[in-house]
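Below is one structure, written out as structure tokens; comments come after it.
The values are calculated or read from the model by the stated rules, or taken from the named source; none is laboratory data. All values derive from a computational prediction rather than experimental measurement. Here the Cβ is made from the backbone with ideal geometry for all residues, glycine too, and neighbour counts use every protein chain on show.
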Amino acid sequence: MNPSQPESVLWDDWHPVGELAQLQRTRILHTMLLGVPLTLVLAADGTIRASGTGSLCHGPLQHVDIRYGLVWLCLGTPGRDIVDFPEAREADRIVCTGGSVGVAVSGLRAVENFLDLGHLAFVHAGYLGEEPHTQIHAYKVEPLADGGILATGCRVYQPHPSPMDSEGFDVDYIYAVRRPYIVELFKANPVEKERMDMIALLVQPVTEERCVAHILMAYPPHNVDVGSLRWFQQLIFGQDRPILENQIPKRLPLDPRAEVSVRADNSSAHYRRWLASVGVRYGTVPAGAT
Amino acid sequence: MNRWFAVSACGEVPHGAVAHTQLLGQELVLWRSASGALNAWENRCPHRGVRLTLGDCVGEELRCQYHAWRFATGSGHCTHIPAHPGQKPASNIRARVYPVFEDGAFIWVNLAHDAVPPNAAAAPPGLALRSIFTRAPVAAVTGQLLHGYADHAVCLVDEFTLDVAPAAHRSVRFMLQPVTGEQCILHAHLHGEVTALERLSVLKVHNALMSAVRDRAEAARA
């Protein structure tokens, strides 16, 4: 069967396709984006040559860039710039990637899991939550001005909220879904009250049922080192991965009747509605499809 | 399909156990509560679709691994949502439950939701043999069995059931579980008394014979 081109909201946007540090080691990287097999080659002058193979996209690709330590690619015609992460541009922050992990599930399921508060006390017990602190209080979800959604007022008790904190406390969370496959999390910083830790999940949709999850972090410079930050994120994501790979179906259902939601799933419900409203189908089970 | 299929020997699902199987493409979680009540449910939490076989049995409930929602034995109703601990879950939140019964030797499941367990007689005394997973459809396995089993004639009882003509004082009943259209599990029950002393050698002999049936069925498909 000849695959059809995914919708413009994804095809004509930028997606992460690998870590620059990895490409610097191997010089060549084979990967896949939206079903298109890709080859990335790091040239001697530091530029990247990208090419696609397959029926949807064949030959050299024009739109490739390097930002935030990641290689970005747009298969179509960019309708907008790469997502901006202002915190990652603040000079005094520790900014690093957290590693790239392949997951056999739709990337939209991975984003939804990142937004999910109710699993923290169980899947990340001892780190990002623990019993009996399981209750999820009401929080606010609203649209972002330039697309996406914002969740504020999330508060959870965390026994070990970051690699630097060995004592538990109530942590304030803010989530911003910036693109269908890109979501930011802001966590209260224990030292600086006005600045928040930023952790972004940037998902590379490989196929509708496979993804690579990339992490970008920007932390205020207090007792932080890159090795600990990467170790902690990989530990946490390693706890999520077996859950993600055991979700049925692998694609995210957009029909509100397909899966039961409760108040704690406010972010998830808004996220699914927003995806449907902007016409995202890739990686979903569209409403009315079953 | 309104039909009962053997999906496991009873002893494979002891009290408190959570097991995985698949019938006609439908993934199932088989689990037995602390008090011994047996359940066969769709292997999928109604909340976010996570396989319930990742979860565990807590008394008379099955707890999902993802958000620790709990579902009651028998009805499948959600009894507890930790994110909202003070509230009773809505009555429409429930796991999908399939009819199940056991005959003393095997667990039987029917994918028709309104099926009523038959008042079948208990299985005769005997020994559940090791079940054999086969990468070939039911028809390929029955085809091989009909060539004979250890030089004994085999007769087809129905599409999924075969009997080995009694040898001396023992007979074997084969029960086929269609996993998908391309895979099946060959279950077998040896009827007759087996002493503790000969139990292991009997299991070994049939394991070898049934594995050979599997190998021939898979080779015939290749």
What is the one condition in (1) more than 14 Å from chain A (Cβ to nearest Cβ); (2) polar (S, T, N, Q); (3) in a loop (DSSP other than H, G, I, E, B) that B:Asn39 does not satisfy? (3)
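Determine, yes or no, whether B:Ala6 is more than 27 Å from A:Leu252 (Cα to Cα), more than 14 Å from every other protein chain (Cβ to nearest Cβ) and not in a helix (DSSP H, G or I).
Values: more than 27 Å from A:Leu252 (Cα to Cα): yes; more than 14 Å from every other protein chain (Cβ to nearest Cβ): yes; not in a helix (DSSP H, G or I): yes.
Taking the combined requirement at face value, the residue satisfies it.
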So which of A:Glu184, A:Glu194 ends up being farther than 17 Å from A:Asp116 by Cα and away from every other protein chain (no Cβ under 14 Å)? A:Glu194
In the range A:222-248, what count of residues is obtained for those that are touching a strand residue (DSSP E or B) at 6+ places or on another chain (Cβ under 6 Å) and either within 22 Å of A:Gly147 (Cβ to Cβ) or part of a loop (DSSP other than H, G, I, E, B) (or both)? 2
Does the range A:29-58 hold any residues that are over 24 Å from the mean Cα position of the chain (by Cα) and surrounded by fewer than 15 Cβ atoms within 10 Å (Cβ to Cβ), and which are they? A:Val41, A:Ala43, A:Ala44, A:Asp45, A:Gly46, A:Thr47, A:Arg49, A:Thr53, A:Gly54, A:Ser55, A:His58
Matching residues in the range B:42-53 - criterion: being within 9 Å of chain A (Cβ to nearest Cβ) and of a type in the set (A, V, I, L, M, F, W, C): B:Cys45, B:Val50
If a residue has to be free of Cβ contacts under 8 Å to residues at least 60 places away in the same chain, closer than 22 Å to A:Trp11 by Cβ and within 10 Å of chain B (Cβ to nearest Cβ) to count, how many in the range A:243-284 make the cut? 0
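This table checks each residue for (1) within 14 Å of another protein chain (Cβ to nearest Cβ); (2) within 29 Å of A:Leu10 (Cα to Cα); (3) out of contact with any Ser or Thr (no Cβ under 9 Å at 6 or more places or on another chain).
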{"site": "A:His133", "(1), (2), (3)": "yes, no, yes"}
{"site": "A:His137", "(1), (2), (3)": "yes, no, yes"}
{"site": "A:Glu142", "(1), (2), (3)": "no, yes, no"}
{"site": "A:Pro163", "(1), (2), (3)": "no, no, no"}
{"site": "A:Glu167", "(1), (2), (3)": "no, no, yes"}
{"site": "A:Arg179", "(1), (2), (3)": "no, yes, yes"}
Restrict the check to the range B:25-33 and report whether at least one residue is within 13 Å of chain A (Cβ to nearest Cβ), out of contact with any Leu (no Cβ under 6 Å at 6 or more places or on another chain) and outside any strand (DSSP E or B). yes
In the range B:122-165, which residues are among the small types (Gly, Ala, Ser) and either crowded, with 19+ Cβ neighbours inside 10 Å or touching a residue at least 60 places away in the same chain (Cβ under 8 Å) (or both)? B:Ala123, B:Gly126, B:Ala128, B:Ser131, B:Ala136, B:Ala140, B:Gly143
All strands (runs of 3 or more DSSP E) inside the range A:1-57 with 3 or more residues being not small (Gly, Ala, Ser): A:15-19, A:28-33, A:36-42
How about the range B:74-84: which of its residues are crowded, with 22+ Cβ neighbours inside 10 Å and either closer than 16 Å to B:Glu42 by Cβ or of a type in the set (Lys, Arg) (or both)? B:Cys78
Restricted to the range A:134-148, and to residues that are modelled with pLDDT under 95 and not acidic (Asp, Glu), which residue is surrounded by the most Cβ atoms within 10 Å (Cβ to Cβ)? A:Gly147
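B:Val194: part of a loop (DSSP other than H, G, I, E, B) and either on the phi > 0 side of the Ramachandran plot or among the hydrophobic types (A, V, I, L, M, F, W, C) (or both), yes or no?
Values: part of a loop (DSSP other than H, G, I, E, B): yes; either on the phi > 0 side of the Ramachandran plot or among the hydrophobic types (A, V, I, L, M, F, W, C) (or both): yes.
The answer is yes for B:Val194.
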With respect to the numbered conditions (1) modelled with pLDDT under 95; (2) in contact with a Leu (Cβ under 8 Å, 6 or more places away or on another chain); (3) aliphatic (A, V, I, L, M); (4) surrounded by fewer than 18 Cβ atoms within 10 Å (Cβ to Cβ), which one is the sole condition not fulfilled by A:Val156? (4)
All but one of (1) over 30 Å from B:Ala83 (Cα atoms); (2) more than 21 Å from the chain's Cα centre (by Cα); (3) not hydrophobic (A, V, I, L, M, F, W, C) hold for A:Glu130; which doesn't? (1)
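For the range A:68-90, which positions are farther than 20 Å from A:Leu38 by Cα, more than 19 Å from the chain's Cα centre (by Cα) and at pLDDT 95 or above?
Restricting attention to the range A:68-90, the residues satisfying the condition of being farther than 20 Å from A:Leu38 by Cα are A:68, A:79-81, A:83-90.
Subset that is more than 19 Å from the chain's Cα centre (by Cα): A:79, A:90.
Scanning the range A:68-90 gives a single hit, A:Glu90.
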For residues that are surrounded by fewer than 24 Cβ atoms within 10 Å (Cβ to Cβ) and more than 12 Å from every other protein chain (Cβ to nearest Cβ), scanning just the range A:104-127, find the one that is nearest to the chain's Cα centre (by Cα). A:Phe114
